[in-house]
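K.L.:
Encoded as structure tokens, here's the structure I'll be asking about.
The values are calculated or read from the model by the stated rules, or taken from the named source; none is laboratory data. Predicted, not measured: the structure shown is a model, and the values here were computed from it. Here the Cβ is made from the backbone with ideal geometry for all residues, glycine too, and neighbour counts use every protein chain on show. Ligands, DNA and RNA are excluded from the accessible area calculation, which covers all protein heavy atoms including side chains. Shrake-Rupley method; radii C 1.70, N 1.55, O 1.52, S 1.80 Å.
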Amino acid sequence: MAKVLVIGAGGVGSVAVHKMAMNPDIFSDIHLASRTVAKCDAIAVSVKQRTGVDIATYQIDADDVAATTDLLNRIKPALVVNLALPYQDLAIMDACLAAGVNYMDTANYEPRDEAKFEYKWQWAYQDKFKAAGLTALLGSGFDPGVTSVFAMWLKKHKLNTIRTLDILDCNGGDHGQAFATNFNPEINIREVTAPARHWEAGAWVETPPLSTKQTFDFEAVGPKNMYLMYHEELESLARFVPEMERARFWMTFGDAYITHLTVLQAVGMTRIDPVIYEGKEIIPLQFLKAVLPEPASLGATTKGKTNIGDIATGQKDGVDKTFYIYNICDHEDAFAETGNQAVSYTTGVPAMIGAALLVQGVWSGAGVFNIEQFDPDPYMDMLNQHGLPWQVKELEGPLEF
């Protein structure tokens, strides 16, 4: 049994803490910190009501390395589970090094002033974590996270090599709002409005955002328009599956979402550079975030399912084969279990699983690791056990586009 500190009290943090409390044989002592301690306290009340487990809560500015280090020295956790904003990854990693604590996150670092998603900043910590004898696990959410593990499981059990990989992320849920994002609006809109990139023939191919659209019929959801995007697991998968010739990431968006986003971009509300308003600097996208519905508030009204998975083509014993591996998650079931909708659930559960494998020593090592570098089998087993069952089927061939 282990003591853990979770930083971040949004929907993902809520799910992760609820699921940790449901596994007291693994997580004996759970601590939760956030900039807004009231959010932590509300999660603690829900956890107590649902599981009977007490959660300790704290107020912390995760950008403040000294304050975070002090908190770690007081709590002395075996692991920090970083579910805060991606801007804060490096500061939390610095605090973990200073306090001698292992680290895990679900999304790679990005600078505040540029929508640029790369692992280079965190990979640069390899020597520091290795010298300290500490583990840093990057990307144990769903995408990145489960989608990367899906690919490595296919390579281990179904394919000798992976030639092409398509990650398909479909949220078929309906929350009844005119425009709302299912996770942090600032991060969501930065991702969607950034140029699309995919890996092909050993290089990155960049295209304008939302310029490539295809339709796919998702099981339990139906036909949906999906758009080519960049997502950070493409970078790590291209590194750890070196034979891969092409890797793409697709995400579904409804027509209403695209229309709203187009208008918001046109009037400058998605800008991330400061503007002067009444003598003060504001970031338009941060203001927009403040007026949009809080993603954690959408759980009670969201209905429908998510369907996220990988389609991989490669060879098995010299024969070309294509496999589709995916999970379907129900928004209402997720809310009934944890009080959060499925987008938070599908990230929070993998965060709990990654943490469990680290604190139990199933996964270990000194240095900075992407999730692709560890054995996928125990992770896949825990997905089935803890609410994200997966299925795999062989297809006649790869996608036709």
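K.L.:
Would you mind checking which residues have amide H under 5 Å from ARG112's amide H? H placed 1.01 Å from N; only 5 or more apart, or other chain.
P.N.:
So ARG112 has HN proximity to no qualifying residue.
K.L.:
Continuing with the same structure: Output ³J(HN,Hα) for region 385-395: one whole-Hz value per residue in order, computed from phi by the Karplus curve 6.51 cos²θ - 1.76 cosθ + 1.60 with θ = phi - 60°, and x for Gly and Pro.
P.N.:
7, 10, x, 10, x, 10, 9, 9, 9, 8, 9
K.L.:
List the residues, sorted by chain then number, that are 5 or more residues from ALA196 or on another chain and whose placed amide H is less than 5 Å from its amide H.
P.N.:
Here THR207, LEU210 satisfy the definition.
K.L.:
Restricting to DSSP H runs of at least four residues, report the calculated mean residue ellipticity at 222 nm for the chain, -39500 (n - 2.57) per run over all residues, nearest 500 deg cm²/dmol.
P.N.:
Roughly -10500 deg cm²/dmol at 222 nm, from the helical runs in the chain.
K.L.:
Right, here's the next one. Give me the one-decimal Kirkwood hydrodynamic radius in Å for region 1-138, with the sum taken over alpha-carbon pairs.
P.N.:
Computed over region 1-138, the radius equals 15.1 Å.
K.L.:
Just how much of ASP317 is accessible, in Å², when a 1.4 Å probe is used and the result is rounded to the nearest 10?
P.N.:
120 Å²
K.L.:
Which entry in (i) 30, 26, 22; (ii) 38, 26, 20; (iii) 40, 22, 21 is this structure's computed semi-axes √(5λ) of the Cα gyration tensor in Å?
P.N.:
Read-out from the structure maps to (i).
K.L.:
Amide H of TYR103 versus every other amide H placed in the peptide plane: which residues, excluding those fewer than 5 positions away on the same chain, fall under 5 Å?
P.N.:
Here the answer is VAL80, THR135, ALA136, LEU137, since their amide H atoms fall under 5 Å of that of TYR103.
K.L.:
In square angstrom, what is the accessible area per residue of the chain with a 1.4 angstrom probe?
P.N.:
39 Å²
K.L.:
Straight-line reach only, C-alpha to C-alpha below 19 angstrom: list the aspartates and glutamates that LYS120 could link to, leaving out same-chain residues fewer than 8 apart.
P.N.:
In chain and number order, the partners are ASP89, ASP94, ASP105, GLU110, ASP143, GLU191, GLU206, GLU232, GLU233, GLU235, GLU372.
K.L.:
Cross-link partners among lysines for LYS316, C-alpha distance below 22 Å, same-chain residues fewer than 8 apart left out?
P.N.:
LYS155, LYS156, LYS158, LYS393
K.L.:
Taking a ≥ b ≥ c as the square roots of the Cα gyration tensor eigenvalues, with a/c under 1.5 meaning rounded and otherwise prolate when a/b beats b/c, else oblate, which class fits region 289-401?
P.N.:
oblate
K.L.:
Binned at 5 Å from 0, what are the whole-percent values of the Cα-Cα distance distribution for region 208-319, short to long?
P.N.:
2, 8, 12, 16, 17, 16, 12, 8, 4, 3, 1, 0, 0, 0
K.L.:
As a quick test, which of the pairs LYS224/LYS303; LYS39/LYS289; LYS19/LYS48; LYS213/LYS321; LYS3/LYS76 have an alpha carbon distance above 19 angstrom in this structure?
P.N.:
Beyond 19 Å: LYS213/LYS321.
K.L.:
Could you check how much of the accessible area of region 24-96 is carbon and sulfur, as a whole percent, using a 1.4 Å probe?
P.N.:
51 percent
K.L.:
With a Förster radius of 45 Å, plug the Cβ-Cβ distance of VAL291 and ASP317 into 1/(1 + (r/R0)^6) and report the FRET value to the nearest 0.05.
P.N.:
0.20
K.L.:
How much length is gained on full extension from ASP63 to GLN177, taking 0.36 nm per residue of separation minus their Cα-Cα distance?
P.N.:
Between ASP63 and GLN177, full extension yields an extra 37.8 nm.
K.L.:
Quick one: 3J(HN,Hα) in Hz for region 21-38, Karplus 6.51/-1.76/1.60 with θ = phi - 60°, rounded, Gly and Pro as x.
P.N.:
Values, residue by residue: 5, 6, 10, x, 6, 9, 10, 7, 8, 10, 10, 9, 10, 7, 4, 10, 5, 4 Hz.
K.L.:
Another question about this same structure. Expressed in nm to one decimal, what extension gain is obtained for the pair ALA124 and THR301 from 0.36 nm per residue of sequence separation less their Cα-Cα distance?
P.N.:
Between ALA124 and THR301, full extension yields 59.5 nm more.
K.L.:
Right, next: How many angstrom lie between the C-alpha centres of region 98-160 and region 1-78?
P.N.:
21 Å
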